[in-house]
Amino acid sequence: MGTPDGRFWNRYTETLPRAQQREYQWQLLRRQLRYAYDHSPYYRRRFDDAGANPQQFTSLTDYFERTPLLKKEDIIEEQAKAPPHGSFLAVHPDEIVRLYVSPGPIVWSFTAEGYRRYCEAFAKGVYLCGARRSDVVDVTPNYAWVPAGTFMDDGYRRLGAAVLPGGVGLSDFHVEVMKLAKVTVIHAFTTFLAQLGEVVKHKGYDPQRDLTVRLGIIGGEIRSEAARRALGEPFGGIQIREQYGTAEVGIIANECEFGAGMHLSDDHVVEVIDPVTGNHVDEGASGELVVSDIWQQAMPIIRYRTGDLTEGLNLEPCPCGRTAPRMKRIIGRVSDIPRIKGMFVVPRNVQNVLDRYPELGRFQLFVDRPARQDELTIRIVLKQPVDQDMLERRLVAELRDAIRLTAAVEFVDSQELPEGMPLIDDRRKVD
């Protein structure tokens, strides 16, 4: 994949004319399609059912027209039939060196080479964002179960940076460590970086005197442009760069110093489709992101519908010299699996908890952002009198285990949540 040369991770692939870049990606993707067809029973069945054989594909047009789309629900359903992988696995189980479990539940498995590629794609992405080997990085996402913390950690170390494995929570201690260890880069979900900024202000720190942070790299959540601009202020007006990715395929897009969107990774083939028809939108138009990874060995992910809506692609030349289109911001979700605090919340997992209690009826996920942090309230119809305080405490704990987030619980009567109400009421405002 190349060696950093001061400006580019791989100057050749990052600056290819767009037509040549697409041909380069197609050659890698064609190899991956054939690999998946030959080694993964799931993809063999999917292609056969569609009457398609990727061995016969000769262009990206064939891929777009003949490759079935894959949804998160498909993965959940397939793995539930035969845990842990369903029929996705394309290698012998002995070749697996890393497993993760994300909400669904979904198991993600990696071979040594697949994991190396996954981490290197991340390293290349944060290099594009401005991270360098001289940096000290506070990695704040979760290190437990899900991919985020560990693959970021390995990616930054592959870059040559020094890593503090901060993980989630303990915002006061994060800020103390930033001062103590002279952290220069913070990698965080948007709302947690905002929370750290509030701690800096509360402590009365002078960012020029007390801190050495120069760059914040964010991702994972819907946010307004005004909120983004405010993120760097408590740290002395540091640069804020954005990434976009998913657990399924890793980091897909990264923002350079010139902004105006995030450059698409050349480790993925990205499409933008109409979420209703499944057809490609006009070039540059808004739609749902569909992604194929071209390196994964254990569990190839091909034509994956992310469920995320982008404003579209910026096709204008970028002053940084990279030729990949820049993906504009994420503006929402198309499915009923919302992303809250950077995590997908699967309604079925909520239902599984509530099914344990015959006194509970239908429910609704109410999402809001009254300040800078997502807040999830689960409204639940109470069908008969109970000790509400005790039941609320139990549900908060059980739901936290099921969805990996702490949600408030609100009991309502059936008139407040009548039949036909939407399962998700998302009040987050994106300006």
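The values are calculated or read from the model by the stated rules, or taken from the named source; none is laboratory data. Please read all numbers here as calculations on a predicted model, not as lab measurements. As a convention, Cβ positions derive from the backbone with ideal geometry for all residues, glycine included, and neighbour counts pool all protein chains shown. Calculation scope for accessible area: heavy atoms of the full protein, side chains included, ligands and nucleic acids excluded. Shrake-Rupley method; radii C 1.70, N 1.55, O 1.52, S 1.80 Å.
If we count every other residue with Cβ under 13 angstrom of residue 210's Cβ, Lys/Arg +1 and Asp/Glu -1, where does the sum land?
Working: positive: 179, 182, 201, 203, 209; negative: 176, 206.
Summing Lys and Arg as +1 and Asp and Glu as -1 gives +3.
Taking the Cβ of residue 126 as the centre, find all other residues whose Cβ is under 15 Å away and add up their charges (Lys, Arg: +1; Asp, Glu: -1).
Working: positive: 7, 124, 132, 133, 157, 158, 214, 241, 322; negative: 14, 120, 135, 138, 153, 154, 242, 255, 257, 267.
Taking every other residue near residue 126 into account, the sum is -1.
Of 182/203; 124/182; 71/124; 71/328, which sit over 20 Å apart, Cα to Cα? Intermediate values should be presented prior to the final figure.
Numbers: 182/203 17 Å; 124/182 23 Å; 71/124 27 Å; 71/328 22 Å.
In this structure, 124/182; 71/124; 71/328 lie more than 20 Å apart at Cα.
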Handout entry: Cα-centred dipole magnitude for the range 318-431, charges only on beta-carbon of K, R (+1) and D, E (-1), debye, nearest 20
Key = 1040 debye
Problem - Percent carbon-and-sulfur accessible area, the chain, ignoring ligands, DNA and RNA, probe 1.4 Å - result: 50 percent
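Could you give the dipole magnitude of the chain about its Cα centre, charging the beta-carbon of Lys and Arg +1 and that of Asp and Glu -1, in debye to the nearest 20? Before the final figure, lay out the partial values.
Working: 55 positive and 61 negative charges, 220 e Å.
Here the size comes out at about 1060 debye.
Under a 1.4 Å probe, what is the accessible area of the range 76-116 per residue, stated in Å²? Display every interim value, and only then the final one.
Details: 1860 Å² over 41 residues.
Accessible area per residue: 45 Å².
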Fill in the blank from the handout: Sorted largest first, the C-alpha extents of the range 50-174 along its principal axes in whole angstrom are 55, 34, 27
